[in-house]
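So the structure is just underneath, and the comments pick up after that.
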Amino acid sequence: MARIVYKDDKYTVKANRDGYILCNNHGKYKNHGHLKQFKTCMLLIRLMENNIVPDSPYLRESVLRISTDEKYLTKVQVKMRKSKNKYININKGVQRKWVIDWKTI
């Protein structure tokens with residue numbers, strides 16, 4: 001059983017034992033997403049109302065599930081296609097410059 005934490009004309013946030021459920025009131029049952037924190041739910045609501053595409057891939061997937069605005073969904077899909085998976089080789093190491101102290105030689 002979930003209790004309603006936040007509600008407005010477009011979105012409803014429900015709290016359950018695993019986290020929060022963000023529901024779109026104008027959409028079908030499939031237009032909902034499960035999130036861990038309340039502030040993330042509020043962030044998504046603000047981003048969707050202002051038509052801002054999130055930087056995080058996880059938030060983009062959540063927006064695709066929750067939103068019903070077709071223009072906004074195409075913006076998010078275009079950003080997802082353009083973004084690249086960035087690989088950083090952490091084993092590259094740091095190149096050090098050897099400094100010779102001529103006074104000790």
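Each value in this text was obtained by applying a stated rule to the coordinates, not by laboratory testing. Just so it is clear, the model here is predicted, and its values are computed rather than measured. With ideal geometry, Cβ positions are generated from the backbone for all residues, glycine too; neighbour counts draw on all protein chains shown.
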Could you identify which residue out of ILE90, ILE66, ILE52 has the top mean-square fluctuation in a GNM of the chain using Cα springs shorter than 10 Å? ILE90
Using only the Cα atoms of region 9-57, build the gyration tensor, take square roots of its eigenvalues as a ≥ b ≥ c, and label the shape rounded, prolate or oblate: rounded if a/c is under 1.5, else prolate if a/b is larger than b/c, else oblate. oblate
Tell me the mean residue ellipticity at 222 nm calculated for the chain from its helices only (DSSP H runs of n ≥ 4, each -39500 (n - 2.57), averaged over every residue, nearest 500). -10500 deg cm²/dmol
First measure r as the distance between the Cβ atoms of ASN89 and ASP8, then evaluate 1/(1 + (r/R0)^6) with R0 = 35 Å and state the FRET efficiency to the nearest 0.05. 0.15
Longest principal axis of the chain (C-alpha) makes with the long axis of helix 70-82 (C-alpha) an angle, in degrees to the nearest 10, of 20
Using a 10 angstrom cutoff on alpha carbons, build the Gaussian network for the chain and name the most mobile of LYS14, LYS28, LYS86. LYS86
Packing-based exposure ordering (other Cβ within 10 Å, fewest first) of TYR20, TYR58: TYR58, TYR20
Label selected from [x] 15, 52, 30, 2; [y] 14, 33, 22, 12, 9, 6, 3, 1, 0; [z] 13, 36, 20, 10, 7, 6, 5, 2, the criterion being P(r) over Cα pairs in 10 Å bins from 0, in percent as computed here: [z]
